[in-house]
Amino acid sequence: MVDAMSTRIFIPRDVAALAVGADQVARAVEAQAAALGVAVTIVRTGSRGLFWLEPMVEVETPLGRIAYGPVQAGDVAALFAAGWLTGATHPLRVGRPEDHPFLARQTRLTFARCGIVDPLSVEDYKAAGGYRGLAKAIEAGGAATVEAVTKSGLRGRGGAGFPTGIKWKTVRDAVADQKYIVCNADEGDSGTFADRMILEGDPFCLIEGMTIAGLAVGATRGYIYSRSEYPHANATMRAALDIARAAGLLGRDILGSGLEFHLELRVGAGAYVCGEETALLESLEGKRGVVRAKPPLPALKGLFGRPTVVNNLLSLATIPVIMDLGAQYYADFGMGRSRGTMPIQLAGNVLHGGLFETAFGLTLGEIVMEVGGGTASRRPVRAVQAGGPLGAYLPPSQFDTPYDYEAFAARDALIGHGGLVVFDDTVDMAHMARFAMEFCAEESCGKCTPCRIGSTRGAEVVDRILAGRDVAANIALLEDLCNTMKFGSLCALGGFTPYPVLSAIRHFPEDFHTRNSPGRPLPAAAE
Amino acid sequence: MPILHALQETFGHVPQDAIPLLAEALNLSRADVHGIVSFYHDFKEAPGGRHVVKLCRAEACQSMGGHALAEGLLHRLGLDWGGTTGDGQVTIEPVYCLGLCACAPAALIDGRPLGRLNRERLDAAVNEARNDWSTP
């Protein structure tokens, strides 16, 4: 039991906080409290997603939880001396996290609990609204649950933006002896970390969402496909699965309802292409992660040839709140055909990097300049890559684009998994175009020629441009090659690699056309 | 895949001798098993150094100078990507995104995450690994 006189101190165990010293801070807090003879209880949480303030420590005081950050182990003695246990002033004091503009401006539905609760406490999860969604889904039944998800307007958060409810209905209507729910947690895009934050900070939310999906479509088995690059997330998720099984939240007869759902975690082995749903299914079956031709759709012939829901982690983790608060509640957020909220991830060279969940509709400029505060280097923003390594580079002249699936598509850009990577004016866009091709060559599964060969030839063409050889002719060749890849590739890896390349050429031609002297000066400012 | 992960974790690579055993046990051909091992970046056919430094090469880390940081370290150690120092102590591997993109540039050294790296912090961490911290 927690001592009533003991002050609770919340320290993230999110890997991004660990990477900047959270464990050292936790040890220092423990040691200093012991030295002072003060009773404290350290609770390890996920991250609130204000990464520039990590490690962000929160102290439970009569004023509520008061945050301090970024705290280093060396600051701990001074924080105790200043009286942080009562929320006292200190240069590192952030105040109530909810009042911080970065959080106050957000609408946290999917991430309502992340960074607040102990991720491995079922009691915390239930106290914060957990398992109300499943209870309502059990009461409503499968058909009504699919109907609710359709009505909520939720679209696939992995990148393609396909309506989740329609996918579920296809699987529900399919007849088979076994169906599966597969969670795509192969979050390989640079600039994204939302899946990881849920795995580390609110794993029961995903378990509940997948259980509801199982109930809705009649699937009794599920798999979470995560990445080997996320060892900490996988450890937390494994522990959460064990706890859920022991608590009767997974297995046969969940919550005494007769519902059966078994869930396992599988880990990839460093192949980006396995984030593509059919390659992911091959990998889950223990094979090389080679893309399958579609049709047949995975909804009809998926894992082991059975009807399978393959959803992104963020889609599945949003299901509990939709079932709990209602489809209409969720659909009331957003704009156009982009309903609800999107967990946007601000990363790279940005002053206030982190997780920003908001209704669709803010402009790109508001997100990058107002929320993100511009670059961390304090130089002008030159480009923002939206939607991972296969996403377009957007210049500040397109900052009026609303954050919406259709508005981005109209500008040849992608929302993807919600990542935004900010670059300052020292970036060389021809180099970034080459990197996109090189990455595609490295990660291509090899099944289709445009992607396998095109990416390697593409990198060579950019090299010739970089060397200043026949620049105009080589740019034309590169554009032609990009078209072939875009329309001839089997999946998004080869098909979308042209986005970063073509957008770099279109919006930053000066980086391609003026390559003759190696000592080329950096551009003076953003356009 | 879970079997291959276990082998990789235990031996630091997937030994050639294991392939016929796996093929036999799983009723696959040796070529099938070899195909799977060679497809995934994580499964190595030969052992690496005692300490593995995974440096992120992806865009978010590049935006914060990750490219120069990585090239600098490789240059100082006289290595290419995937190379191991002559004393067999340190292998430098590329990784594409550790999900630490808001704390870039980032690395994972023997499973220990590091963010907001600069040359001094990275060198210190690599040296510390070399001088043997207890591998987690």
Some residue of region A:420-441 being outside any loop (DSSP other than H, G, I, E, B), buried (at least 21 other Cβ atoms within 10 Å of the Cβ), free of Cβ contacts under 8 Å to residues at least 24 places away in the same chain and away from chain B (no Cβ under 11 Å): no
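Restricting attention to region A:96-106, which residues are part of a loop (DSSP other than H, G, I, E, B), under 24 Å from the mean Cα position of the chain (by Cα) and crowded, with 16+ Cβ neighbours inside 10 Å?
Hits for region A:96-106 are A:HIS100, A:GLN106.
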field: Check on A:MET342, surrounded by 24 or more Cβ atoms within 10 Å (Cβ to Cβ), out of contact with any helix residue (DSSP H, G or I) (no Cβ under 6 Å at 6 or more places or on another chain) and outside the structural domain of A:PHE51 (by the TED database)
entry: yes
- line: If we keep only residues of region A:374-392 that are part of a loop (DSSP other than H, G, I, E, B) and charged (D, E, K, R), then the residue nearest to the other protein chains (Cβ to nearest Cβ) is A:ARG379
message: So for region A:243-264 (the condition being of a type in the set (Phe, Trp, Tyr) and within 14 Å of chain B (Cβ to nearest Cβ)), does at least one residue qualify?
response: no
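Which of the residues belonging to region B:62-78 are under 15 Å from the mean Cα position of the chain (by Cα) and more than 16 Å from B:ARG119 (Cβ to Cβ)?
Once the filter is applied, which keeps residues that are under 15 Å from the mean Cα position of the chain (by Cα) and more than 16 Å from B:ARG119 (Cβ to Cβ), region B:62-78 yields nothing.
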task: Being assigned to a helix (DSSP H, G or I) and either under 20 Å from A:PRO97 (Cα atoms) or within 14 Å of chain B (Cβ to nearest Cβ) (or both) is the filter here, so list the residues in region A:322-373 that pass it.
output: A:ILE367, A:VAL368, A:GLU370, A:VAL371
query: Mind checking whether some residue in region B:78-89 is among the aromatic types (Phe, Trp, Tyr) and surrounded by 21 or more Cβ atoms within 10 Å (Cβ to Cβ)?
result: no
message: Checking A:SER397 against (1) away from chain B (no Cβ under 11 Å); (2) under 21 Å from the mean Cα position of the chain (by Cα); (3) within 19 Å of A:VAL368 (Cβ to Cβ), only one condition comes out false. Which one?
response: (2)
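Which of the strands (runs of 3 or more DSSP E) contained wholly in region A:205-302 include at least 1 residues that are within 30 Å of A:SER444 (Cα to Cα)?
Numbers: elements: A:221-226, A:251-254, A:259-267.
Fully inside region A:205-302 and qualifying: A:221-226, A:259-267.
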message: Looking only at region A:246-284, how many residues end up being in contact with a strand residue (DSSP E or B) (Cβ under 8 Å, 6 or more places away or on another chain), free of Cβ contacts under 8 Å to residues at least 40 places away in the same chain and surrounded by 15 or more Cβ atoms within 10 Å (Cβ to Cβ)?
response: 1
message: What's the number of the only condition in (1) more than 29 Å from the chain's Cα centre (by Cα); (2) within 12 Å of chain B (Cβ to nearest Cβ); (3) basic (Lys, Arg) that A:ARG464 fails to meet?
response: (2)
query: If you check B:GLU59, B:GLU93, which single one turns out to be among the acidic types (Asp, Glu), over 16 Å from the mean Cα position of the chain (by Cα), within 12 Å of another protein chain (Cβ to nearest Cβ) and surrounded by 18 or more Cβ atoms within 10 Å (Cβ to Cβ)?
result: B:GLU59
message: Taking the conditions exactly as written (acidic (Asp, Glu) and either crowded, with 22+ Cβ neighbours inside 10 Å or touching a residue at least 40 places away in the same chain (Cβ under 8 Å) (or both)), does B:GLU9 satisfy them or not?
response: no
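I'd like the residue in region B:22-48 that is of a type in the set (S, T, N, Q) and either at negative phi or in contact (Cβ under 8 Å) with a residue 12 or more places away in the chain (or both) and, out of all such residues, is nearest to the other protein chains (Cβ to nearest Cβ).
B:SER38
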message: Between A:GLY494, A:GLY458, A:GLY454, which is within 23 Å of A:VAL384 (Cβ to Cβ), of a type outside the set (A, V, I, L, M, F, W, C), at pLDDT 95 or above and touching a helix residue (DSSP H, G or I) at 6+ places or on another chain (Cβ under 7 Å)?
response: A:GLY458
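On the given criteria, is B:ILE19 free of Cβ contacts under 8 Å to residues at least 40 places away in the same chain, surrounded by 16 or more Cβ atoms within 10 Å (Cβ to Cβ) and within 11 Å of chain A (Cβ to nearest Cβ)?
no
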- request: Run down B:HIS51, B:HIS13, B:HIS75, B:HIS5 and say which single residue is more than 8 Å from chain A (Cβ to nearest Cβ), under 23 Å from A:ALA235 (Cα atoms) and out of contact with any helix residue (DSSP H, G or I) (no Cβ under 7 Å at 6 or more places or on another chain).
  value: B:HIS13
Test: A:VAL371 is β-branched (Val, Ile, Thr) and surrounded by fewer than 24 Cβ atoms within 10 Å (Cβ to Cβ): yes
Residues of region A:2-25 that turn out to be in a loop (DSSP other than H, G, I, E, B) and either at positive phi or not aliphatic (A, V, I, L, M) (or both), as a count: 5
- request: Test each condition in (1) surrounded by 21 or more Cβ atoms within 10 Å (Cβ to Cβ); (2) modelled with pLDDT under 95 for A:LEU63 and report the one that comes out false.
  value: (1)
field: Qualifying positions in region B:1-21 - at negative phi and of a type in the set (Gly, Ala, Ser)
entry: B:ALA6, B:ALA18
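The values are calculated or read from the model by the stated rules, or taken from the named source; none is laboratory data. Just so it is clear, the structure is predicted and the values come from calculations on it, not from any experiment. In this analysis, Cβ positions are derived from the backbone assuming ideal geometry, glycine residues included, and neighbour counts consider all displayed protein chains.
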